[in-house]
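S.K.: Here it is, the structure, as structure tokens.
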Amino acid sequence: MIKVSFLARAAIGLAVILLGLGWMTLTHETARSSGREVILQTNPVDPRDVFFGHYAILNYRDFGDRDVSVPRRDPRDFQTGETVYVALNPSELFAMPGAVFATREEARSTGAPFLKAELVEAYAPEGQEPEVFWVRFDLPSQYFADPETAIALQTDFQTANAMQGRRDRWETCRDLQQTAPDRFEQSWMCEDFDLADEPTADIPEYGVILSVSDEGLAVIKGLYLDGQHLYDTLTGPRLTLERDA
């Protein structure tokens, strides 16, 4: 019987691990380059994770971790908990959820990219057929960024959040003033409201660049940062956000 030394066994184990990692890298890189590119808008959030380090926590604005509604287009009676496929509507920049389909083949027939999702609930006014689906999308939830990029993103996100907050407050007070004067007068957040003081600056927009396969699965290719398309690869340099001096 041939005895295998400890070093030989360790070398074989290491080789198996390296081959596995290499295969995972190749598979993921192929998925990045072979799918159809779409951009989903994200809410600005703190990009650093307490436990995992410098990660961008991805909170998709129209797809998110929470359930979102999309219009029903297929006549089949869907069952709660089953897999469905949601076509993506074209837009100027960010993709939006569109029609729901029971099978990949039906979704592929539209010619549009689509995402795999889980049907959470179908509902409609009493006595009518379901018209709205609530679904949960299967999307990447985190994105690694180098420390310099993560810190820069945190500053950008905080600025965008503050700008969005001022815009939301102004719009809420304007609507109250026009439609519910009594509530407007009693609202604490509208105490110093001035209709002429409308925030006019453009709020920065952020998104995740995804590669979507013909199976409805998505992998991250990079980030969209207010006009900048920043791509990253597993085999190349990590994403680096350059700042003007």
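S.K.: Select from the range 192-221 the residues that are in contact with a Lys or Arg (Cβ under 6 Å, 6 or more places away or on another chain), within 14 Å of GLN142 (Cα to Cα) and open to solvent by 10 Å² or more (accessible area, probe 1.4 Å) and list them in ascending order.
M.R.: Selection gives VAL219, LYS221.
S.K.: If LEU93 satisfies all but one of (1) crowded, with 20+ Cβ neighbours inside 10 Å; (2) modelled with pLDDT of 85 or more, what's the number of the condition it fails?
M.R.: (1)
S.K.: Related question: Among the residues of the range 96-121, write down those that are at pLDDT 85 or above and part of a loop (DSSP other than H, G, I, E, B).
M.R.: THR103, SER109, THR110, GLY111, ALA112, PRO113
S.K.: Ok, one more. Among the listed residues GLN142, GLN154, which satisfies the condition of being touching a Pro at 6+ places or on another chain (Cβ under 9 Å) and not charged (D, E, K, R)? Spell out how you get there, then give the answer.
M.R.: Working: GLN142 fails: touching a Pro at 6+ places or on another chain (Cβ under 9 Å).
The conditions single out GLN154.
The values are calculated or read from the model by the stated rules, or taken from the named source; none is laboratory data. A quick note: this is a predicted structure, and the numbers were derived from the prediction, not measured. Please note: Cβ atoms are built from the backbone with ideal geometry, for glycine as well, and neighbour counts cover all protein chains shown. The protein model used for the area step is the full one, side chains on, heavy atoms only, and it has no ligands, DNA or RNA in it. Shrake-Rupley method; radii C 1.70, N 1.55, O 1.52, S 1.80 Å.
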